Amino acid sequence: MNVRELALDTLLAIEQKGAYSHLQLNEAIQKGRLDGRDAALLTEIVYGTVQRRDTLDYYLAPFLRKARRLEPWVRVLLRLTLYQMVYLDRVPDRAAVFEAVEIAKRRGHRGIASLVNGVLRAIGREGLPSIEAVDDAGKRLALATSHPEWLVRRWIQQYGYEEAARMCETNLRPPQSTARVNRLRATVEEALERLRAEGMQAIPGHVAPEAIRAEKGNLAHTETFRAGWLTIQDESSMLVARALDPAPGERVLDCCAAPGGKTTHIAERMDGRGEVVAVDVHEHKVKLIEQQAQRLGLGCITALTLDSRRLGERFAPESFDRILVDAPCTGFGVIRRKPEIKYTKGKDAIAALVEIQQAILRAAAPLLKKGGVLVYSTCTIEREENEDAIARFLADHPDFSLDDRLAERMPKPVRPHVKGGMLQLLPHHFDSDGFFIARLRKRV
């Protein structure tokens, strides 16, 4: 199978089976035994087609008015080919069209191949319909950046048009490749020197002091990573353990902890002394936490399979010095990494997740010692899941209050974004994931 046929199968699995784009893509690369160049092209076509889906459908619509009901694979084939024609300068249009027609011949019949050829060549002759012709600003932004209109209008209401537009545009760019240096094994400078010796191009991070950014190459495929010097993690996510600020010797609970990026960061900041109890509802994900802890040489982590809404059944009241609730959320801050979620999660998902978040917070609160710290974090930018969730929790738990000293624990570039005891980073602030962090303290 060639790259474009692999792309077609990958995109169909994402759309029809609800497969996660990054996992399906890795499977396709292994299945096709692709070299670096072909793997990069496959990745570009798959992510780009998912990210631009609604825009591509808008462009295709005038050319499909006379077509009968298209089979799903034909529409996806047209999308991925049009993506190459519009957004990939290095792929000649004639090559993209030729490949599409050949795939249509193999998978369908002469009529389908003729349709695919006719539509794509008509676009080449006549050009694309203009999105600027759409009068409504919210709808125009949604189409131009391929985001659901309801979500764009929601962000405009919450953040204003300019901020919403910048978020949408940032979501179309590839995410940064970043990693956290295990401070128990190396400094940032030592890690960068070792990576350079492996032929990697990497620089210090822009936000978190323990971060590095890869300019070229895959950090997870290095000996530096395998030796336990690195953990793949976004810079925004690295701020969570910094907000929790655990001390050596303490007992810390990490709820919803898999795959263990924040768990291991907490343990590193504790110098590997004390106990970090990491719980997750999925047994296979708990094994990922254990594997990470072993690779990094962190023996103070205990990983358990447990629904975080039922913490009280396992742990005694006031038995933890600090608690992290990294809550399940819509994930709208990480659309660049999982572009399919902007199409698969609707308004009802927000309401359902809000109730789960509150249930976990209610279960965790009694387990914290008086004077202890609870950090609530999400990788979303939805206020209903973030600021509103904290307000609701505080209204029901008067023994908790926001810690207005959160800014002191944040790197200097981040401090202007801290409001009271809460931090909301948007994707375009530092070219990192959108992330929310609130630091709460339990009254003595």
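The values are calculated or read from the model by the stated rules, or taken from the named source; none is laboratory data. Remember, predicted model here, so these are calculated numbers, not experimental data. Positions of Cβ are generated from backbone atoms using ideal geometry, with glycine treated the same way; all protein chains shown enter the neighbour counts. Note: accessible area is taken over every heavy atom of the protein model, side chains too, but ligands, DNA and RNA are not part of it. Shrake-Rupley method; radii C 1.70, N 1.55, O 1.52, S 1.80 Å.
Against the numbered list (1) out of contact with any helix residue (DSSP H, G or I) (no Cβ under 6 Å at 6 or more places or on another chain); (2) at pLDDT below 95; (3) of a type outside the set (Ser, Thr, Tyr); (4) open to solvent by less than 80 Å² (accessible area, probe 1.4 Å), Ala137 comes up short only at (2). Filtering region 105-123 to residues that are within 35 Å of the chain's Cα centre (by Cα) and either farther than 19 Å from Leu42 by Cβ or among the β-branched types (Val, Ile, Thr) (or both) leaves Val116, Val119, Leu120, Ile123. Among residues of region 148-162 that are touching a residue at least 12 places away in the same chain (Cβ under 8 Å), those with a beta-carbon under 6 Å from a residue that is open to solvent by 80 Å² or more (accessible area, probe 1.4 Å) at least six positions away or on a different chain give the pairs Gln158/Arg383.
Using the structure shown, decide if Pro416 is over 24 Å from Asp280 (Cα atoms), under 26 Å from the mean Cα position of the chain (by Cα) and part of a helix (DSSP H, G or I). So Pro416 fits the description; yes. Among residues of region 86-119 being acidic (Asp, Glu) and free of Cβ contacts under 8 Å to residues at least 60 places away in the same chain, the one that is farthest from Arg53 (Cα to Cα) is Glu102. Considering region 195-274, the qualifying helices (runs of 4 or more DSSP H), each wholly inside and each with 1 or more residues that are closer than 25 Å to Leu406 by Cβ and not β-branched (Val, Ile, Thr), run over 235-244, 261-269.
Selection of region 297-322 for residues being more than 23 Å from the chain's Cα centre (by Cα) and either modelled with pLDDT under 95 or part of a helix (DSSP H, G or I) (or both) yields Arg309, Arg310, Leu311, Gly312, Glu313. Taking region 5-116 as the region of interest, the helices (runs of 4 or more DSSP H) fully inside it that hold 2 or more residues being modelled with pLDDT of 95 or more, open to solvent by less than 50 Å² (accessible area, probe 1.4 Å) and of a type outside the set (D, E, K, R) are 36-51, 53-60, 72-87, 93-107.
Under 7 Å between Cβ atoms, at least 6 apart or on separate chains: pull out the pairs that start in region 215-242 with a residue that is closer than 15 Å to Ala202 by Cα and open to solvent by 30 Å² or more (accessible area, probe 1.4 Å) and end on any residue that is of a type in the set (S, T, N, Q) and not in a loop (DSSP other than H, G, I, E, B). Cβ pairs passing all conditions: Glu215/Gln201; Lys216/Gln201; Gly217/Gln201.
Check whether at least one residue in region 386-403 is of a type in the set (Ser, Thr, Tyr), closer than 12 Å to Leu440 by Cα and not in a helix (DSSP H, G or I), and report yes or no. Taking every residue of region 386-403 in turn, at least one turns out to be of a type in the set (Ser, Thr, Tyr), closer than 12 Å to Leu440 by Cα and not in a helix (DSSP H, G or I).
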